[in-house]
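What follows is a short report on a single structure.
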């Protein structure tokens, strides 16, 4: 019984110990599992932290890349920092030089003094290169482009100047705004960089490694933010100033456009009136030459009035104009003497009526003679077309040229008009010489009949024209019949036949009459045309024999 109880007690004891061991093992297992979970959680946190640090470094690299791009703002700030560093180095060098000058005694100190003095000169040269950045890093960039003086728009040509000025203003403003947008982007990049650095400082165990970068970025950001604030204020003022100037220029352009429109209407009305006048003149003037000259005069008056209207429309100060013309007239008169004389000659020609378009004229200058038909009478010259005439035959041996005769030649040279005032005929003549033993009376009669035959039509026309000219000119000799003269010359009796012919066809009629007279004289036995000849008179027999022998030898030869 006791043994049984002992076994029961022992069993219970062993069971209690086993229960205690199991409970202890279970607690330890739970503790290990809790640590494992905590370690895993810490590992996950660390992994997330490392991933966030990696991403932040990527963002930092991206910000640095953006800030490293070429930019006038970055360059200006870098130049400013360089200026600050050079200035600090110069001040430090100057202090060392001052100390060495006071306390340096041995040769080594003197050598160092020379070295630092050379360094001082280099630093001063470098400092002069960054002089414009001495006050602020962005002084030149924050200042907008200087606006030039607003153009004075006083005539239509200045309209283009005003439009160009407005385009220049727009370009300057757009350039300044683009410069501001670039600065805004840099400020955004700097803010992102600073934010990234602060987060990295919080996450990274080596927080002191970001301290210098954060300070430099904060300082740089402060400078850029101040510059951006100044630029934003300046942009508003600059825009208002530009809008004001553009509005003023546009008002001046509008005023000139209105004035130009009114001037165009005035000129248009003036041209219309002169066109009506030309139509009326064309209706009542049937002569083409007279209409041509009238048309030229009307055109000249029209152009002159238009020029005067334009001139006085844009000349506000007439007193100034008179002063300028007074001083300029003397020099212009000397420099353009020939031009003024040609214009004066044009007035004499046109209003005096001495030369008209279509007239045949003869111009003689410096031994040269030109005969042709007037094609045009312009303000400076007469244009003639050279024809085949007796002058061409005797002197020039060429024709068909366009001759330009300055109008001032009417004062200095001989100009003959073959067809002045509707007188289209001129006197021309043919000369033939007959021998002294010819029947000169018969020859004169033949020549007179031939010339009268061919000149009859021109004779009648000239008689009518001369009757019209009696009311304007004092005409004494109005005989228009052919005239025959005979004179004693060295080689015989010269017969000179004068007759009226068309001023434009003198050479043709002369050729016809000359041929007919020669044919008529040759048909008569008692009329011999003379030409330079010689007669040999031999009186003695010896000379006759010698002449006969010579004649026989010549015949045999």
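Is one or more of the residues making up the range 520-533 modelled with pLDDT of 60 or more, surrounded by 12 or more Cβ atoms within 10 Å (Cβ to Cβ), in contact with a strand residue (DSSP E or B) (Cβ under 8 Å, 6 or more places away or on another chain) and in a helix (DSSP H, G or I)?
Yes; the residues of the range 520-533 include at least one that is modelled with pLDDT of 60 or more, surrounded by 12 or more Cβ atoms within 10 Å (Cβ to Cβ), in contact with a strand residue (DSSP E or B) (Cβ under 8 Å, 6 or more places away or on another chain) and in a helix (DSSP H, G or I).
Among the residues of the range 238-281, how many are closer than 17 Å to residue 166 by Cα and free of Cβ contacts under 8 Å to residues at least 12 places away in the same chain?
6
Report yes if some residue within the range 279-300 is within 22 Å of residue 353 (Cβ to Cβ), outside the structural domain of residue 374 (by TED's automatic domain parsing) and at pLDDT 85 or above; otherwise report no.
Pass one, the range 279-300, residues within 22 Å of residue 353 (Cβ to Cβ): 280-300.
Next, from what is left, pick out any that are outside the structural domain of residue 374 (by TED's automatic domain parsing): 280-300.
Subsequent filtering for residues that are at pLDDT 85 or above retains 280.
Yes - at least one qualifying residue is present in the range 279-300.
Answer yes or no as to whether residue 165 is closer than 30 Å to residue 261 by Cα and out of contact with any helix residue (DSSP H, G or I) (no Cβ under 7 Å at 6 or more places or on another chain).
Spelling it out, it is not the case that residue 165 is closer than 30 Å to residue 261 by Cα and out of contact with any helix residue (DSSP H, G or I) (no Cβ under 7 Å at 6 or more places or on another chain).
So, of the residues in the range 74-93 that are surrounded by fewer than 15 Cβ atoms within 10 Å (Cβ to Cβ) and at pLDDT 80 or above, which turns out to be nearest to residue 231 (Cα to Cα)?
88
Answer yes if at least one residue in the range 430-439 is part of a helix (DSSP H, G or I), in contact with a strand residue (DSSP E or B) (Cβ under 7 Å, 6 or more places away or on another chain), surrounded by 14 or more Cβ atoms within 10 Å (Cβ to Cβ) and in contact (Cβ under 8 Å) with a residue 12 or more places away in the chain, and no otherwise.
Taking every residue of the range 430-439 in turn, none turns out to be part of a helix (DSSP H, G or I), in contact with a strand residue (DSSP E or B) (Cβ under 7 Å, 6 or more places away or on another chain), surrounded by 14 or more Cβ atoms within 10 Å (Cβ to Cβ) and in contact (Cβ under 8 Å) with a residue 12 or more places away in the chain.
Quick one: would you say residue 163 is at pLDDT below 85, in a helix (DSSP H, G or I) and over 24 Å from residue 52 (Cα atoms)?
Spelling it out, it is not the case that residue 163 is at pLDDT below 85, in a helix (DSSP H, G or I) and over 24 Å from residue 52 (Cα atoms).
Search the range 136-152 for residues being modelled with pLDDT under 80 and within 29 Å of the chain's Cα centre (by Cα), and hand back the single one that is nearest to residue 71 (Cα to Cα).
145
Only one residue in 212, 204 is surrounded by 14 or more Cβ atoms within 10 Å (Cβ to Cβ), assigned by TED's automatic domain parsing to the domain that holds residue 81 and either more than 55 Å from the chain's Cα centre (by Cα) or over 24 Å from residue 173 (Cβ atoms) (or both). Which one? Let's see the steps before the verdict.
Numbers: 212 fails: surrounded by 14 or more Cβ atoms within 10 Å (Cβ to Cβ).
Among 212, 204, only 204 is surrounded by 14 or more Cβ atoms within 10 Å (Cβ to Cβ), assigned by TED's automatic domain parsing to the domain that holds residue 81 and either more than 55 Å from the chain's Cα centre (by Cα) or over 24 Å from residue 173 (Cβ atoms) (or both).
Do the conditions hold for residue 71, that is, is it within 26 Å of residue 195 (Cα to Cα), touching a helix residue (DSSP H, G or I) at 6+ places or on another chain (Cβ under 8 Å) and modelled with pLDDT of 75 or more?
The answer is yes for residue 71.
Has the range 34-54 got at least one residue that is in contact with a helix residue (DSSP H, G or I) (Cβ under 8 Å, 6 or more places away or on another chain), part of a helix (DSSP H, G or I), outside the structural domain of residue 203 (by TED's automatic domain parsing) and modelled with pLDDT of 75 or more?
So far as the range 34-54 goes, yes, one or more of its residues are in contact with a helix residue (DSSP H, G or I) (Cβ under 8 Å, 6 or more places away or on another chain), part of a helix (DSSP H, G or I), outside the structural domain of residue 203 (by TED's automatic domain parsing) and modelled with pLDDT of 75 or more.
Looking only at strands (runs of 3 or more DSSP E) that fall completely inside the range 345-418, which ones have 2 or more residues that are in contact (Cβ under 8 Å) with a residue 40 or more places away in the chain?
360-365, 368-377, 402-406, 414-417
One residue is enough: does the range 537-557 have a residue meeting the conditions surrounded by fewer than 14 Cβ atoms within 10 Å (Cβ to Cβ), modelled with pLDDT of 80 or more and either in a loop (DSSP other than H, G, I, E, B) or touching a strand residue (DSSP E or B) at 6+ places or on another chain (Cβ under 7 Å) (or both)?
Within the range 537-557, none of the residues are surrounded by fewer than 14 Cβ atoms within 10 Å (Cβ to Cβ), modelled with pLDDT of 80 or more and either in a loop (DSSP other than H, G, I, E, B) or touching a strand residue (DSSP E or B) at 6+ places or on another chain (Cβ under 7 Å) (or both).
Assigned by TED's automatic domain parsing to the domain that holds residue 137 and either assigned to a helix (DSSP H, G or I) or at pLDDT 80 or above (or both): is that true of residue 225 in this structure?
Yes: the conditions hold for residue 225.
Criterion first (within 55 Å of the chain's Cα centre (by Cα), surrounded by fewer than 16 Cβ atoms within 10 Å (Cβ to Cβ) and on the phi < 0 side of the Ramachandran plot) does residue 192 satisfy it? Spell out how you get there, then give the answer.
Details: within 55 Å of the chain's Cα centre (by Cα): yes; surrounded by fewer than 16 Cβ atoms within 10 Å (Cβ to Cβ): no; on the phi < 0 side of the Ramachandran plot: yes.
No.
Can you list residue pairs whose Cβ atoms sit under 8 Å apart, with the first residue in the range 90-104 being more than 16 Å from residue 118 (Cβ to Cβ) and the second being in a helix (DSSP H, G or I)? Count only pairs 6 or more apart in sequence or on different chains.
Filtered contacts from the range 90-104: 103/109.
The values are calculated or read from the model by the stated rules, or taken from the named source; none is laboratory data. Keep in mind that this is a model prediction, so the values were computed, not measured. Cβ coordinates were reconstructed from backbone atoms using ideal geometry, including for glycine residues, and neighbour counts include every protein chain displayed.
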